[in-house]
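Reviewing the structure listed below.
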Protein chains: 2
Amino acid sequence: MIRAAIISTGDELTCGRTTDTNAGFIADRLFELGIDVVAMLTVGDHPERLRWVWSEALRLAQVVISTGGLGPTADDLTTETVATLLARRIVHDEQVAERIREFFRLFNRPMPENNMKQAAFPEGAVIVPNDLGTAPGYRIEVGPADDRRYLVVLPGVPREMQPMLTATVLPWLAELSGAARVGHRTFQTFGISESRLDEVIAGIPGEGRWSFRANFPEVSARVVVRGGDVEARLEDFGREVYARLGQYIYGEGDTSMERVVGELLTARKLTVGFGESCTGGLVTHRITNVPGCSAYYRGAVNAYANDVKERVLGVPAAILAAHGAVSEEVAGAMAEGARRVLGTDIAVGVTGIAGPDGGTAEKPVGTVCFGLAAADGPTVTRRYQLWGNREWVKLLSSQIALDWVRRHVLGAPLLDLGRNRAEPASVKTESVEPD
Amino acid sequence: MIRAAIISTGDELTCGRTTDTNAGFIADRLFELGIDVVAMLTVGDHPERLRWVWSEALRLAQVVISTGGLGPTADDLTTETVATLLARRIVHDEQVAERIREFFRLFNRPMPENNMKQAAFPEGAVIVPNDLGTAPGYRIEVGPADDRRYLVVLPGVPREMQPMLTATVLPWLAELSGAARVGHRTFQTFGISESRLDEVIAGIPGEGRWSFRANFPEVSARVVVRGGDVEARLEDFGREVYARLGQYIYGEGDTSMERVVGELLTARKLTVGFGESCTGGLVTHRITNVPGCSAYYRGAVNAYANDVKERVLGVPAAILAAHGAVSEEVAGAMAEGARRVLGTDIAVGVTGIAGPDGGTAEKPVGTVCFGLAAADGPTVTRRYQLWGNREWVKLLSSQIALDWVRRHVLGAPLLDLGRNRAEPASVKTESVEPD
């Protein structure tokens, strides 16, 4: 198994002003190639700290991937550090230089002379192209054949680094590590806890390296297989996972609940609308994060005050008075009102108590009611007892509203949170909190 | 200046399944105490990697703060690693053990025997209490007086770690580092770019360590001062900053635009509503993230489809036909319609093209129009040309809508993005992209 180390460079990281997302992004991709990340190391823009981090990384790992420190200013020291450590000269690359000049010409701006620093590389470097910025990356191989080391140097801006990694570095690494014989598959679930998911998956036969990621309110399960007929083995795993988890799996790979809902509605040519209260617009914010959503999404009423529920959604005052704003009856009336007012095939109503205040003995914080109205059947409603802080209750409620639409379109039963409740992510890691 | 190293432990980090937020959180707080973070180091749950990371951290820094590896299972190795490295025995703490048993009794659950591991500490450890979980942290001092080292061991769950750091570790570190004589102040700005902010602040006299954080679409500026009359010096800085930046500063310290807007509306006893289109519910999602918002927030109409703008908000079909859905005229009519339908003192309408599709030569992606209707004056409208991807256009639009409410309530002029446009955060760090 190839060992890798990841270096992140920049004072903005060690000062805590910026959270490093690069190292985690790279580690995630290396895991999928079956590469073992020995350490993730962050230092500021100091020559001696950079020397330390690079020499330790090269001692610990065969592949070292670094981000940051490639800018044009004096405190961008990565290339100098690498060249010094490897005892290589720094050479000017005229082709890269011309591309940088072109970049500035394109924007009709004078090029500061120090930008030419970004066209200088340690001798023997292979350029990793950067389509989105002026600083290309590079890789260098050093050492004898039986103790080879590989250095990969990338810029720190995530939106430049990520495509460079994906387009150039990962395919090269896949070859290097023999990862042609490694495959993976990621199942996105909602409504089942991480521990329950772990239990279910532990019962699945076959050799694979499983890992779980709780990203509240979802949990994803990824399996990596190595060797043999990779495709067939992944297919076997998939069959078992779906047989055991069914509708708790909402999708696979790089997707989201709102995207899956959008794909289903598009395929069935259905439109959707919402009557939100406690979620406050989060459901439709998520719906409208998906480009092209206007094909199926028409609008929503965010009826926070009771008289807006009455006036705009037409919820009868008598129902509000008899059952209270947080009730299945009002959720159902909100769904029906939203469907009528917005003119959609399906509408979902959500009303609840997000907290921290407003809870009662009968309806504690986290009480949330849902209703779904559709052309093809009677309105359905349900009350759930959710948990967590205001942010969690809103997020979990928005997820349930979207999952209701998904399950309705698929003709699947309503979500049952009773037995398989999705625990808050942060409870899991360390404390083994009694639940 | 005291040097610190931060260690994060856990396979979930080196596998890329979880993004480490602990190290950045701690680095941010240490910066405020004037402590220099030499390195942030992450390793998985492997004995030899843990030994390496701890011995290097203690070589590089006087203070080492670690998170993770304190759970009850066999792969939680932090305490063993520290004890071995310092050649100290591991001792049982009966008081902590009793608290853990109590914790399980409280939840009426049997305690797994391995939880007693969390009551075992290297000899000489001073407990750092954990009010929210079973694993307390601890600190240990080692070495001669002229070369003292301080180890701080905390659990990895952020919602446990953070209050432990704040309540127990930071006050102790403040004393250790003489930080009683260090003070800081953070100004939250919107509508001005980081480079422009840097320029303005560079002109301010006085000795302070300034740092900037671009958290799109906002930029915060923090000044840390050390020595002398800390309070008076911070007050001088504040006076200068407000004199130069005025309404571009919307708040100070740990706040948000939506919270500031809520405080202003509460103070003036005003209510607000929205007619959203391209923001899709994000404005009201943010408004309702603030507990107690029902005092001033009544509701919103998310009028995505044109006929919802007509039917629910009463935007005249003639205006839609004459000017198109993305126009100042429609934004104004949406604001007026929202104010009427929702019965609020103030309402804001937002309509635009978030992309990636839907742009034209005349109205490219990023064209967003705003309108504000209020009881005390005529409806105002404006068109902005925003930038970035769909997510950014939505986020920036939601920020402008909230900022309009803030400026209206304060009687301040409308936001001018023309000269001081807030650049996308990711453009800044490395590439010096021509702009």
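Summary of values
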{"quantity": "Options A:Glu231, A:Glu310, A:Glu235: the member that is assigned by TED's automatic domain parsing to the domain that holds A:Ile201 and either free of Cβ contacts under 8 Å to residues at least 40 places away in the same chain or part of a loop (DSSP other than H, G, I, E, B) (or both)", "calculated": "A:Glu235"}
{"quantity": "Residues (of a type in the set (D, E, K, R), part of a helix (DSSP H, G or I) and either under 15 Å from A:Thr42 (Cα atoms) or over 27 Å from the mean Cα position of the chain (by Cα) (or both)) located in segment B:29-63", "calculated": "B:Glu48, B:Arg49, B:Arg51, B:Glu56, B:Arg59"}
{"quantity": "Complete set of residues in segment B:2-17 that are facing chain A (nearest Cβ under 7 Å) and either within 16 Å of A:Asp11 (Cα to Cα) or hydroxyl-bearing (Ser, Thr, Tyr) (or both)", "calculated": "B:Thr14"}
{"quantity": "Residue match in segment A:335-348 (condition: in contact (Cβ under 8 Å) with a residue 24 or more places away in the chain, basic (Lys, Arg), in contact with a strand residue (DSSP E or B) (Cβ under 7 Å, 6 or more places away or on another chain) and surrounded by 23 or more Cβ atoms within 10 Å (Cβ to Cβ))", "calculated": "yes"}
{"quantity": "Pick from segment B:307-321, criterion within 11 Å of chain A (Cβ to nearest Cβ) and buried (at least 18 other Cβ atoms within 10 Å of the Cβ), ranking: farthest from B:Ala373 (Cα to Cα)", "calculated": "B:Val308"}
{"quantity": "Given (1) in contact (Cβ under 8 Å) with a residue 40 or more places away in the chain; (2) over 16 Å from B:Arg139 (Cα atoms); (3) in a helix (DSSP H, G or I), number of the condition B:Ile26 does not satisfy", "calculated": "(2)"}
{"quantity": "Total residues in segment A:129-145, condition within 14 Å of chain B (Cβ to nearest Cβ) and among the aliphatic types (A, V, I, L, M)", "calculated": "2"}
{"quantity": "Members of segment B:282-306 found to be in a helix (DSSP H, G or I) and either surrounded by fewer than 24 Cβ atoms within 10 Å (Cβ to Cβ) or among the charged types (D, E, K, R) (or both), listed by number", "calculated": "B:Arg286, B:Cys293, B:Ser294, B:Ala295, B:Asn306"}
{"quantity": "Matching residues, segment B:68-96, being within 11 Å of chain A (Cβ to nearest Cβ) and closer than 17 Å to A:Val38 by Cα", "calculated": "B:Gly68, B:Gly69, B:Asp76, B:Thr78"}
{"quantity": "Among residues of segment A:42-66, those that are within 14 Å of A:Thr78 (Cα to Cα) and of a type in the set (A, V, I, L, M, F, W, C), counted", "calculated": "8"}
{"quantity": "Counted residues, segment B:249-281 - those being assigned to a loop (DSSP other than H, G, I, E, B) and either surrounded by 23 or more Cβ atoms within 10 Å (Cβ to Cβ) or among the aliphatic types (A, V, I, L, M) (or both)", "calculated": "6"}
{"quantity": "Of all residues making up segment A:68-115, the number that are closer than 27 Å to A:Ser55 by Cβ and of a type in the set (D, E, K, R)", "calculated": "6"}
{"quantity": "Single unsatisfied condition, B:Glu276 versus (1) within 8 Å of another protein chain (Cβ to nearest Cβ); (2) touching a strand residue (DSSP E or B) at 6+ places or on another chain (Cβ under 6 Å); (3) closer than 22 Å to B:Thr379 by Cβ; (4) without any contact (Cβ under 8 Å) to a residue 60 or more places away in the chain", "calculated": "(4)"}
{"quantity": "Criterion violated by B:Trp210 - all others in (1) within 13 Å of chain A (Cβ to nearest Cβ); (2) in a helix (DSSP H, G or I) satisfied", "calculated": "(2)"}
{"quantity": "Test: residue in segment B:99-115 that is surrounded by fewer than 20 Cβ atoms within 10 Å (Cβ to Cβ), away from chain A (no Cβ under 11 Å), over 27 Å from the mean Cα position of the chain (by Cα) and modelled with pLDDT of 95 or more", "calculated": "no"}
{"quantity": "Segment A:124-143 residues that are in the same structural domain as A:Val157 (by TED's automatic domain parsing), paired with ones that are among the β-branched types (Val, Ile, Thr) and at pLDDT below 95 (beta carbon under 6 Å, 6 or more apart)", "calculated": "A:Thr134/A:Ile100; A:Pro136/A:Val96"}
{"quantity": "Subset tally (residues that are more than 14 Å from every other protein chain (Cβ to nearest Cβ), in a helix (DSSP H, G or I) and out of contact with any Phe, Trp or Tyr (no Cβ under 7 Å at 6 or more places or on another chain)) for segment B:325-345", "calculated": "7"}
{"quantity": "Selected residue [within 18 Å of A:Ser398 (Cα to Cα) and either basic (Lys, Arg) or assigned by TED's automatic domain parsing to the domain that holds A:Leu265 (or both)] from A:Thr381, A:Thr344", "calculated": "A:Thr381"}
{"quantity": "Segment B:1-23: number of residues that are assigned to a strand (DSSP E or B) and surrounded by fewer than 22 Cβ atoms within 10 Å (Cβ to Cβ)", "calculated": "1"}
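Every residue, every condition in (1) within 14 Å of another protein chain (Cβ to nearest Cβ); (2) in contact with a helix residue (DSSP H, G or I) (Cβ under 6 Å, 6 or more places away or on another chain); (3) at pLDDT 95 or above, yes or no:
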residue	(1), (2), (3)
B:Glu231	no, no, no
B:Tyr242	no, no, yes
B:Gly246	no, no, no
B:Ser256	yes, no, yes
B:Ala267	no, no, yes
B:Gly280	yes, yes, yes
B:Thr288	yes, no, yes
B:Tyr297	yes, yes, yes
B:His323	no, yes, yes
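Matching residues to (1) over 20 Å from A:Met334 (Cβ atoms); (2) among the hydrophobic types (A, V, I, L, M, F, W, C); (3) out of contact with any Gly (no Cβ under 6 Å at 6 or more places or on another chain):
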residue: A:Val260; (1), (2), (3): yes, yes, no
residue: A:Glu263; (1), (2), (3): yes, no, yes
residue: A:Ala267; (1), (2), (3): yes, yes, yes
residue: A:Leu270; (1), (2), (3): no, yes, yes
residue: A:Gly273; (1), (2), (3): no, no, no
residue: A:Ser277; (1), (2), (3): no, no, yes
residue: A:Gly280; (1), (2), (3): no, no, yes
residue: A:Thr288; (1), (2), (3): no, no, no
residue: A:Arg298; (1), (2), (3): no, no, no
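The values are calculated or read from the model by the stated rules, or taken from the named source; none is laboratory data. Please read all numbers here as calculations on a predicted model, not as lab measurements. Cβ: placed from backbone, ideal geometry, glycine included. Neighbour counts: every protein chain shown.
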